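The block underneath contains the structure these notes are about, expressed in structure tokens.
The values are calculated or read from the model by the stated rules, or taken from the named source; none is laboratory data. These figures come from a predicted structure and were not determined experimentally. Ideal geometry is used to build each Cβ from the backbone, glycine not excepted, and the neighbour counts take in all protein chains shown.
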Number of protein chains: 2
Amino acid sequence: MTEAEARGRAAAMLADAGIALTPAEREQIEVADFGLGQLAEIGLQLVTYVNTERVCAKELVLFPGQTCPEHRHPPVDGSPGKEETFRCRTGTVHLHVEDRDELVLQAGDQATIPPDTLHWFQAGRDGAIVSEFSTRSRDEHDVFTDPRIVR
Amino acid sequence: MTEAEARGRAAAMLADAGIALTPAEREQIEVADFGLGQLAEIGLQLVTYVNTERVCAKELVLFPGQTCPEHRHPPVDGSPGKEETFRCRTGTVHLHVEDRDELVLQAGDQATIPPDTLHWFQAGRDGAIVSEFSTRSRDEHDVFTDPRIVR
């Protein structure tokens with residue numbers, strides 16, 4: 001799957017879910033393959049609505065079975081690190097958070113991940129759309145468990 | 001319109017928009033009439049997904065022509081005050097922000113309101129659903145221009 005194909009497929013999933021994007025947002029959907037070249041299996045599609053010094057909000061789109069690999073958001077510049085709430089909008093997402101049992105989130109379910117806490121997640125067989133509400137995103141500071149990953 | 005009627009109507013609008021709520025969230029939709037007893041004209045329905053020390057996310061539901069009256073979020077306890085991004089999901093919302101021209105937000109449009117800045121908003125004739133992404137909400141500190149208002 002190419003990046004352009006992933007972008008088109010994510011846009012179609014968002015449209016099917018009734019989530020309105022501007023044309024510019026649709027064209028700029030971020031496709032992350034984490035440098036592994038296995039996008040269909042390990043990857044994530046993102047629409048960032050806002051990312052200020054204090055607040056960030058995104059839609060995350062996952063294809064069936066697609067995984068966002070294990071990582072954490074460490075403290076940066078005296079801030080305690082990114083705090084994230086994931087709210088499942090459509091489909092199913094299997095969320096794994098350090099020292100907790102797997103959470104299975106379906107539409108309307110949510111979970112909050114404290115700063116600097118390892119987590120990874122995988123969509124179920126229909127894929128998933130997940131809203132992320134968080135403090136500022138600074139992806140370049142994320143720490144991934146797999147040393148091959150480049151964000 | 002009673003509070004229960006407003007809650008039912010807001011739940012129906014959210015369902016029509018494909019926004020999934022848990023049964024508990026549906027039953028706990030907040031109905032704010034700001035103490036004025038004119039809910040259909042001046043009021044707001046809210047679902048608060050998360051409100052931590054750092055991050056808050058809500059859905060705001062406005063009936064046709066309904067207005068959320070002018071207010072600001074002042075600094076509290078050394079924090080600069082609440083910063084809000086409003087993203088219109090369905091319908092139309094007319095947003096008035098201190099010293100700016102009126103913004104007309106339709107599905108997919110958004111605007112960020114800095115801390116301690118006067119603002120008010122009114123839905124168009126089809127009502128509106130607006131996602132709010134913000135820093136912590138502390139409604140009891142909000143300052144309304146109309147001195148009759150109790151939040």
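Annotations for the structure displayed:
- Failed item in (1) loosely packed, with under 14 Cβ neighbours inside 10 Å; (2) within 14 Å of chain A (Cβ to nearest Cβ), with B:HIS73 passing the rest: (1)
- The residue list B:LEU60, B:LEU39, B:LEU21, B:LEU44 contains one member that is over 25 Å from A:SER137 (Cβ atoms), in contact with a Cys (Cβ under 8 Å, 6 or more places away or on another chain) and not small (Gly, Ala, Ser), which is B:LEU44.
- For the range B:73-96, a residue qualifies if it is assigned to a loop (DSSP other than H, G, I, E, B) and basic (Lys, Arg), and exactly one does: B:LYS82.
- The listed residue being away from every other protein chain (no Cβ under 14 Å), on the phi > 0 side of the Ramachandran plot and not hydroxyl-bearing (Ser, Thr, Tyr), out of B:GLY18, B:GLY8, B:GLY37, B:GLY81: B:GLY37
- Taken over the range B:132-151, the residue count meeting the criterion of being surrounded by 14 or more Cβ atoms within 10 Å (Cβ to Cβ) and within 19 Å of B:ILE113 (Cα to Cα) is 12.
- Selected residue [free of Cβ contacts under 8 Å to residues at least 60 places away in the same chain, over 25 Å from A:ARG26 (Cα atoms), surrounded by fewer than 21 Cβ atoms within 10 Å (Cβ to Cβ) and in contact with a Cys (Cβ under 7 Å, 6 or more places away or on another chain)] from A:ASP109, A:ASP99: A:ASP109
- Members of the range B:40-86 found to be within 13 Å of B:ALA128 (Cα to Cα) and of a type in the set (S, T, N, Q), listed by number: B:GLN45, B:GLN66, B:THR67
- Any hit, the range B:77-96, residues being among the basic types (Lys, Arg), surrounded by fewer than 20 Cβ atoms within 10 Å (Cβ to Cβ) and more than 26 Å from B:GLY8 (Cα to Cα): no
- Count of residues meeting criterion [among the aromatic types (Phe, Trp, Tyr) and either within 14 Å of another protein chain (Cβ to nearest Cβ) or not in a strand (DSSP E or B) (or both)] in the range A:97-138: 1
- In the range B:112-126, of all residues being within 26 Å of A:ALA24 (Cβ to Cβ) and touching a residue at least 60 places away in the same chain (Cβ under 8 Å), the one that is nearest to the chain's Cα centre (by Cα) corresponds to B:ALA123.
- Close pairs from the range A:129-151: first under 26 Å from A:ALA17 (Cα atoms), partner part of a loop (DSSP other than H, G, I, E, B) and of a type in the set (Gly, Ala, Ser), Cβ under 6 Å, at least 6 apart: A:ILE129/A:ALA17
- Selection status of A:GLU30, farther than 17 Å from A:GLY8 by Cα, of a type in the set (D, E, K, R) and surrounded by fewer than 18 Cβ atoms within 10 Å (Cβ to Cβ): no
- Pairs linking a residue in the range A:1-16 that is under 24 Å from B:ILE19 (Cβ atoms) to a residue that is of a type in the set (A, V, I, L, M) and modelled with pLDDT under 95, with Cβ atoms under 9 Å and 6 or more positions apart or on different chains, are A:ARG9/A:MET1.
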